[in-house]
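Remarks on the structure that follows.
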Protein chains: 2
Amino acid sequence: MAVSILDVAKRANVSISTVSRVVNRSELVNAKTRARVETAINELGYRPNAFARGLMLRRSEIVGLVLPDLHGEFYSEIIRGANIQARESGYNLVVFSARDRDDSQPLLNAIQRRTLLDGIAVMVSELTDRTQEVLAQVPMPVVVLDGDVNGGPHDNVVINQREGAVALMRHVVHACGARRMLFIGGLETNVDTIARYEACRQVLAEIGRDIDPADVFHLDYEYETAYNLGTQRISDWIGDGNCVFAANDEMAAGILAAANAAGIAVPQQLAVVGFDDTRVARMTHPPLTTVRVPMSRMGASAIELLCERIGDMERPPRRVSLSPELVIRESCGHALRV
Amino acid sequence: MAVSILDVAKRANVSISTVSRVVNRSELVNAKTRARVETAINELGYRPNAFARGLMLRRSEIVGLVLPDLHGEFYSEIIRGANIQARESGYNLVVFSARDRDDSQPLLNAIQRRTLLDGIAVMVSELTDRTQEVLAQVPMPVVVLDGDVNGGPHDNVVINQREGAVALMRHVVHACGARRMLFIGGLETNVDTIARYEACRQVLAEIGRDIDPADVFHLDYEYETAYNLGTQRISDWIGDGNCVFAANDEMAAGILAAANAAGIAVPQQLAVVGFDDTRVARMTHPPLTTVRVPMSRMGASAIELLCERIGDMERPPRRVSLSPELVIRESCGHALRV
DNA sequence: CGCGTCATTGACAACGCTTTCATTCAAGGA
DNA sequence: TCCTTGAATGAAAGCGTTGTCAATGACGCG
């Protein structure tokens, strides 16, 4: 049986109240007594019981992070950032992920199951009504990550996707002379995919063009599927001013590999750009032009916001907006034109 | 204020004991009463308070996973596997990581701080005496991941590194004709690095050779540093029968990139092999010959073992050994010889 | 010398749950 | 009819904290 506050009290010849005061650094305890209690605590190796403590204080110092998936560097970096920030703020982090590729529904249920969390940060891949509804009912502080919850009741951190994607497209169009875009996204309902696609069309519109629906593909953000698609179609895509815009770097890398395998020179015969600036982007051949999404920062900001909110339930909802950054490497053909 | 068991009891006109029995699926409650209680629970949206529950039951259904770092796919996959298995076993997972590149010392402290965890799985990068000592004192079930704790008191899951590295080396030496090895590891004290290095020498010894100390490098497992090293030295490495053995795929990818940049043909002028079979391995040019380490399986097995142990504190320590698998692609030059 | 003040400490009531033990009541056997 | 039995339920004792409030005693002042 673990040593309890009572054991310490007995050993130090004081009451449990005094021990509690010492543990919680209350000022109103005599220096001598404090020393005696501290000795007892060390000798006994006493650790306050977190359950009893939580029962009184109604907080666990644990926050949750809910992600749609755990696969790949994108989520992994978010977790890393979140974890560091959580530790920084004195919290522990527990990670939840949706089973399968379902929406985060089952997840939220899992969370509601127990009242152990002080709050959660939720990242949703598709912001359905159902998800919104569940979100509104979560009985604890919530911050929404990357969901564009306009004026919702929650704090949230958003990536200004549109801005990043537009910057990328402008570069590709104006500096690299792209005219025909081939868009490779994730699921059609995915919020990121939608934002990137819109940006693509917007910039094309600026030069009086549009994207051919036949040039739009919806995959699953994975390298292999993109590689397969590339292997099948890439010969149709070759041409000066043609550019593949993959909604993440992994898929861009897949296209690049398919191009290499087919003996197609990138960017001379076909330009390729990605999104996220994950580690792969520097490892492809040629290195990828892409947009750096501050992944770990996203995680960190979400947790920071969450902890602030836990500390002050009254303050009005805040929104943190993170800006992506254009990263120009060689796959876009920039070097060819300058 | 949240709804408590008492509210439910009042609403259903029963005592809290009965409500508790219903919640915990005890059989000894009349069908009609049970129905009444369940209705009340739903109407009120009652959720048992996890703290109170934990206080009585002395378990939180939360387990910890301690990693030396959170960077990169290797750890990310371990987390993913662990997370899935934890959910499977009815636990939540909280992840801890060492600050900086320090040993896991501060970590374990952080964990001891609170008594909330039912157990922890610990992965150590360097098994120092200090770490061992701390490990022995952790006041809860522990499983050690990949640490070769011989006959230690803990359950553990090990990767049979040696076996994998030897298989790789045999292939490289016998099928690909390697004679001079260039070894690129992580820190000299890193257990993985040591195992891989030993295997390298062992197989070399089998053909009456050894590795030249000048051909051994200790980096940090990162792509960039390997790339830099490669850029500096690679011209010295060219030669038939010469082969770079990088202790992970990222570094191997760095070397490959340096080779590409220098116009060196891999594997014709220099063979390169990696370790882990992370996603990069399929994306390099040429694709990497490597050893597949079942990363997510490692995480899952550790958690599985941990949960079993929590369920039965008496059973003798178990050890799960996972075997890596040789993955032959093109960077080793195999195709050239067959 | 008596009394108010203040610093220090202790007693005890929560917190919300599980679990043991006692109680109630209906049915069945003698 | 009375007693035994067993199923269903309730009362109450913790579990280990925190926080409120009261008690104690030393000290200074009138």
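Hey, among the residues in segment B:30-81 that are more than 16 Å from DNA strand C (Cβ to nearest atom) and charged (D, E, K, R), which one's nearest to B:L305 (Cα to Cα)?
That would be B:R80.
Do we have A:I84 as within 16 Å of DNA strand C (Cβ to nearest atom) and part of a helix (DSSP H, G or I) here?
No: the conditions fail for A:I84.
Go through (1) in contact with a strand residue (DSSP E or B) (Cβ under 7 Å, 6 or more places away or on another chain); (2) part of a helix (DSSP H, G or I); (3) under 25 Å from A:T189 (Cβ atoms) for A:V244 and report which single condition fails.
(2)
I need every pair where a residue in segment B:190-211 that is closer than 20 Å to B:L67 by Cβ has its Cβ under 9 Å from the Cβ of a residue that is basic (K, R), sequence separation at least 6 or different chains.
B:A195/B:R162; B:R196/B:R162
Please work out which residue is modelled with the lowest pLDDT, limiting yourself to segment B:180-223 and to residues that are acidic (D, E) and within 23 Å of B:Y75 (Cα to Cα).
B:D192
Output the residues belonging to segment A:23-50 that are surrounded by fewer than 16 Cβ atoms within 10 Å (Cβ to Cβ), in a loop (DSSP other than H, G, I, E, B) and either near DNA strand D (Cβ under 9 Å from one of its atoms) or away from chain B (no Cβ under 12 Å) (or both).
Listed by number, the residues that qualify are A:N24, A:R25, A:S26, A:E27, A:L28, A:N30.
Quickly run through segment B:279-304 and pick out the residues that are within 14 Å of another protein chain (Cβ to nearest Cβ), more than 30 Å from B:D118 (Cβ to Cβ) and buried (at least 24 other Cβ atoms within 10 Å of the Cβ).
Result: B:V280, B:A281, B:T284, B:L288.
Within segment A:62-84, can one find any residue that is more than 8 Å from DNA strand D (Cβ to nearest atom), aromatic (F, W, Y) and surrounded by 13 or more Cβ atoms within 10 Å (Cβ to Cβ)?
Yes, some residue in segment A:62-84 is more than 8 Å from DNA strand D (Cβ to nearest atom), aromatic (F, W, Y) and surrounded by 13 or more Cβ atoms within 10 Å (Cβ to Cβ).
How about segment A:1-22: which of its residues are outside any helix (DSSP H, G or I), among the polar types (S, T, N, Q) and over 21 Å from B:L55 (Cα atoms)?
Once the filter is applied, which keeps residues that are outside any helix (DSSP H, G or I), among the polar types (S, T, N, Q) and over 21 Å from B:L55 (Cα atoms), segment A:1-22 yields A:N13, A:S15.
Residues that are within 20 Å of A:D118 (Cα to Cα), facing chain A (nearest Cβ under 10 Å) and buried (at least 23 other Cβ atoms within 10 Å of the Cβ): does segment B:52-60 have at least one?
Yes: segment B:52-60 contains one or more residues that are within 20 Å of A:D118 (Cα to Cα), facing chain A (nearest Cβ under 10 Å) and buried (at least 23 other Cβ atoms within 10 Å of the Cβ).
When you look at A:V19, is it more than 8 Å from chain B (Cβ to nearest Cβ), within 13 Å of DNA strand D (Cβ to nearest atom) and at pLDDT 90 or above, yes or no?
Criteria met by A:V19.
Among the residues of segment A:321-334, is any among the hydroxyl-bearing types (S, T, Y), in contact with a strand residue (DSSP E or B) (Cβ under 8 Å, 6 or more places away or on another chain) and under 23 Å from B:A281 (Cβ atoms)?
yes
Quick check on B:A136: is it part of a helix (DSSP H, G or I), modelled with pLDDT of 70 or more, out of contact with any Asp or Glu (no Cβ under 8 Å at 6 or more places or on another chain) and under 30 Å from B:L57 (Cβ atoms)?
yes
The values are calculated or read from the model by the stated rules, or taken from the named source; none is laboratory data. Computed from a prediction, not measured in an experiment: that's the story for all the values here. For neighbour counting, all protein chains shown are included, and Cβ atoms are generated from backbone atoms with ideal geometry for every residue, glycine included.
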